[in-house]
Amino acid sequence: MSDIPQRIGTVVLNGSPEVAEVVARFASEAAAVGIATCDALAAGDDARPDVIVGIGGDGTLLRAAHLAHELMVPVVGINLGTVGYLTEVEPDLIGKMLERMVAGDLGTNRRMTVAATLPDGKVVHGINDIVMEKVISQRLVQITVAVNEEFFTTFRSDALLVATPLGSTAYSLSAGGPVVDPDLDALIMTPVAPHSLMSRTTVFTPGTRLTFTVATGREVRVNFDGRTAGLLGHGESVLVTAGARPVRFLTMGAHPFPQAVRHQFGLDHA
């Protein structure tokens, strides 16, 4: 990152005393190096931040990253959670991170997004994944998949998801998908609890167009990173592609991909 930010917007989803103390300390240390801070979720156009900082766990950083993507600014996370796969900076490194930010000495990791276009033309972006899931818990959904407008297969399952490499360690992993280096660009399609012998993940190039069509009368909910985008009825489709632009994560270079995976999944003790 070369430009010195004038204002940092913070995203905080947990109002605990511990988090409040770190937020206050962050604002104080930012002021000490000449950077103003604001609540990114409440800031108006006249207080547009140059950088977004998520203070909390990976869920907080995911929300911060969505906002950063919308504003087309970079994002960085301060880890107060238990996993910390995305949130690289520990609280005791806040001062050092800000010094490097002012010096233009932070790196930038560009991570692809995944886009879903709904029947009404609405487009949503997932940083981790787009999920097509059942609405009625006792019933499977039946979804037909076309790859670049050519029929591929039909799944009967609890859900179908398309993850980014960054999201490969989230819901996709729980569904049996592979861990993928986030420096790669790919669309990772995995069925969730399929009633089929075809239960494996399929990995597509980022230029692939995936069309998912509801094949029965059971509604399908479309989610992006756990948030509802809309419902699909019988015969309706959602188009899933790579997003048009990435999310930019600022990094101190402390946790390369293999070390981050090893730490997240406790492989040192496996």
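The values are calculated or read from the model by the stated rules, or taken from the named source; none is laboratory data. As the structure is a prediction and not an experimental result, all values here were calculated from the model. For neighbour counting, all protein chains shown are included, and Cβ atoms are generated from backbone atoms with ideal geometry for every residue, glycine included. Please note that ligands, DNA and RNA were not included when accessible areas were found on the heavy atoms of the full protein model with its side chains. Shrake-Rupley method; radii C 1.70, N 1.55, O 1.52, S 1.80 Å.
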query = Which ³J(HN,Hα) values in Hz, rounded to whole numbers, follow from the phi angles of region 23-30 under the Karplus curve 6.51 cos²θ - 1.76 cosθ + 1.60, where θ = phi - 60° and Gly and Pro get x?
reply = 4, 5, 5, 4, 4, 5, 5, 5
key: region 160-234-region 73-144 distance, computed between alpha-carbon centres (Å)   = 16 Å
message = Skipping prolines and chain starts, which residues have an amide H placed within reach, meaning under 5 Å, of the one on Val51, given they are 5 or more residues away or on another chain?
response = Arg7, Gly9
task = Give, rounded to the nearest 20 debye, the magnitude of the charge dipole that the chain has about its Cα centre when Lys and Arg contribute +1 at Cβ and Asp and Glu contribute -1 at Cβ.
result = 680 debye
note = Classified through the alpha carbon gyration tensor (a ≥ b ≥ c as square roots of its eigenvalues; rounded if a/c is under 1.5, else prolate when a/b is larger than b/c, else oblate), region 116-164 comes out oblate
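Across every pair of different alpha-carbon atoms, what Kirkwood hydrodynamic radius in Å does region 89-174 reach?
Numbers: mean 1/r = 0.0611 Å⁻¹.
One decimal place: 16.4 Å for the Kirkwood radius.
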request  = Could you look at region 155-270 and say what percent of its accessible area is carbon and sulfur, using a 1.4 Å probe and all protein chains?
outcome  = 53 percent
message = Using Cα-Cα distances under 8 Å and only pairs 6 or more residues apart, what relative contact order does region 120-270 have, in percent?
response = 24 percent
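Sorted by mean Cβ packing within 10 Å, highest first, what order do the peptides 218-226, 50-58, 199-207, 72-80 take? Don't jump to the answer; show the numbers that get you there.
On the way: 218-226: 19.3, 50-58: 25.2, 199-207: 14.9, 72-80: 22.9.
Per-residue mean Cβ counts within 10 Å order the peptides as 50-58, 72-80, 218-226, 199-207.
Using a 1.4 Å probe and counting only protein heavy atoms, arrange Asp158, Asp120 so the residue with the most accessible area comes first.
On the way: Asp158 45, Asp120 125 Å².
Listed by decreasing accessible area, they come as Asp120, Asp158.
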Per residue accessible area of region 110-227, 1.4 Å probe, in Å² = 44 Å²
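Taking region 46-150, which trypsin sites (Lys or Arg not before Pro) meet the DSSP loop condition and have no more than 15 other C-beta atoms within 10 Å? Numbers along the way, then the final one.
On the way: sites: Arg63, Lys96, Arg100, Arg110, Arg111, Lys122, Lys134, Arg139; in loops: Lys122, Arg139.
Answer by residue number: Lys122, Arg139.
For the chain, what is the convex hull volume of its Cα atoms per residue in Å³?
Numbers: hull volume 38.3 nm³, N = 270.
Spelled out: Cα convex hull of the chain, divided by residues, is 142 Å³.
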ask   = Mean separation of Cα pairs under 8 Å and 6+ residues apart, divided by the residue count of the chain: what relative contact order is that in percent?
value = 19 percent
inquiry  = Suppose only helical runs count, i.e. DSSP H with n ≥ 4. What mean residue ellipticity at 222 nm does that imply for the chain under -39500 (n - 2.57) per run, divided by all residues and rounded to the nearest 500 deg cm²/dmol?
reply    = -5500 deg cm²/dmol
request  = With an 8 Å cut-off on Cα pairs and a minimum separation of 6 or more residues, tell me the relative contact order of region 65-123 in percent.
outcome  = 17 percent
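Hey, any idea what the orientation-averaged projected area of the convex hull of region 163-213's Cα atoms comes to, in nm²? Walk me through the intermediate numbers first.
Numbers: hull surface 14.9 nm².
Convex hull of Cα atoms, orientation-averaged projection: 3.7 nm².
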query = Please state the Cα pair-distance histogram of region 177-270 with 5 angstrom bins from zero: what percent is in each bin?
reply = 2, 9, 13, 18, 20, 15, 10, 7, 4, 1
